[in-house]
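Just below is one structure, and these are the notes that go with it.
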Amino acid sequence: MLRPQKRITKRQLKEDKLVTFYFKAIDFIQENQNKLFFGVLGVIAIILIVVWSSRLSASKESNAASALARAEIKMNQGQYMAAMDSLKILIELYDGAQSTGKGVFYLANLYFQNEDYESAQKYYEQYLGDYKDDANFASSALAGMAACYEGKKNFKKAAELYEKAVKKYSQAFDNANKLMNAARCYILAGNKEKARTLYQQIIEDYPNSGLKNEAEISLAEINA
């Protein structure tokens, strides 16, 4: 007489599945051990590269900051030529560092002070192209380019760049001054109507600025 089969419990089914999974996993590992080995090595290599790059970037920024500080000391002491040499070395050795961006901006300013407008414009453009991490610096760099064109008597281009700096960086701290410069250059370029518009903008948008009275006087002179 046949005995009734024992009912398989849920626990036994679960254990059977685990055993099956275990042997399948062993088979998979044995068949793909080379791929798995190199895959693990790849992951480790990526982690090491990330860690190394992070440390290298931190070291680069630290060195750039030190070099910038040395250049700033020379500028504060009035040693402008020595400061320019230091800034050029900074830019060459630590390209891409945040402190290097400030060095590029400072070098442009020093060239501008020496009335070397072509070199100044070159470095202002480099800052705007490669760095521009700080809105106030970027706005000032664009205004610096405008000043270079003004120095070269290209008043129309200068006015347009002053105005562009205000439109692009609306929160910059000295936008009223940029608008005054733009209006002045438009007058020199023979465009009084555009200058009138900008003087009115200063009066309306910057009522608490010290330049408001100057804008009102200039506007009255144009309308006279």
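The values are calculated or read from the model by the stated rules, or taken from the named source; none is laboratory data. The structure presented is a predicted model; accordingly, all values stated were derived computationally and were not measured. Every residue, glycine as well, gets a Cβ built from its backbone with ideal geometry; the counts of neighbours run over all protein chains shown.
Among the residues of the range 176-202, what is the count of those that are assigned to a helix (DSSP H, G or I), surrounded by fewer than 17 Cβ atoms within 10 Å (Cβ to Cβ) and not polar (S, T, N, Q)? Matching residues across the range 176-202 total 3.
Restricting attention to the range 134-142, does a residue exist that is in contact with a Phe, Trp or Tyr (Cβ under 6 Å, 6 or more places away or on another chain), farther than 23 Å from residue 62 by Cα and not polar (S, T, N, Q)? Taking every residue of the range 134-142 in turn, at least one turns out to be in contact with a Phe, Trp or Tyr (Cβ under 6 Å, 6 or more places away or on another chain), farther than 23 Å from residue 62 by Cα and not polar (S, T, N, Q). If I filter the range 101-116 for residues that are buried (at least 20 other Cβ atoms within 10 Å of the Cβ) and farther than 20 Å from residue 143 by Cβ, do I get at least one hit? So far as the range 101-116 goes, no, none of its residues is buried (at least 20 other Cβ atoms within 10 Å of the Cβ) and farther than 20 Å from residue 143 by Cβ.
Condition first: under 27 Å from residue 152 (Cβ atoms) and surrounded by fewer than 22 Cβ atoms within 10 Å (Cβ to Cβ). Can you find one or more residues in the range 67-77 that meet it? So far as the range 67-77 goes, yes, one or more of its residues are under 27 Å from residue 152 (Cβ atoms) and surrounded by fewer than 22 Cβ atoms within 10 Å (Cβ to Cβ).
Every listed requirement among (1) within 19 Å of the chain's Cα centre (by Cα); (2) of a type in the set (Phe, Trp, Tyr); (3) modelled with pLDDT of 90 or more is met by residue 131 save one, (3). Restricting attention to the range 168-214, the residues that are small (Gly, Ala, Ser) and modelled with pLDDT under 95 add up to 4. Could you tell me how many of the residues in the range 60-94 are touching a residue at least 12 places away in the same chain (Cβ under 8 Å) and in a helix (DSSP H, G or I)? Final tally of qualifying residues: 22.
Just so you know, in the range 87-105 the residues that are among the aliphatic types (A, V, I, L, M) and under 17 Å from the mean Cα position of the chain (by Cα) include one that is farthest from residue 71 (Cα to Cα), and it is 97. Scanning the range 162-175 for residues being aliphatic (A, V, I, L, M) and either buried (at least 23 other Cβ atoms within 10 Å of the Cβ) or in contact (Cβ under 8 Å) with a residue 60 or more places away in the chain (or both) gives a total of 2. With the condition kept exactly as written, say whether any residue in the range 142-154 is within 19 Å of residue 211 (Cα to Cα), part of a helix (DSSP H, G or I) and touching an Asp or Glu at 6+ places or on another chain (Cβ under 9 Å). Scanning the range 142-154, I find at least one residue that is within 19 Å of residue 211 (Cα to Cα), part of a helix (DSSP H, G or I) and touching an Asp or Glu at 6+ places or on another chain (Cβ under 9 Å), so the answer is yes. Residue count for the range 109-134 satisfying the condition of being in contact with a Ser or Thr (Cβ under 8 Å, 6 or more places away or on another chain) and under 18 Å from residue 77 (Cα atoms): 1.
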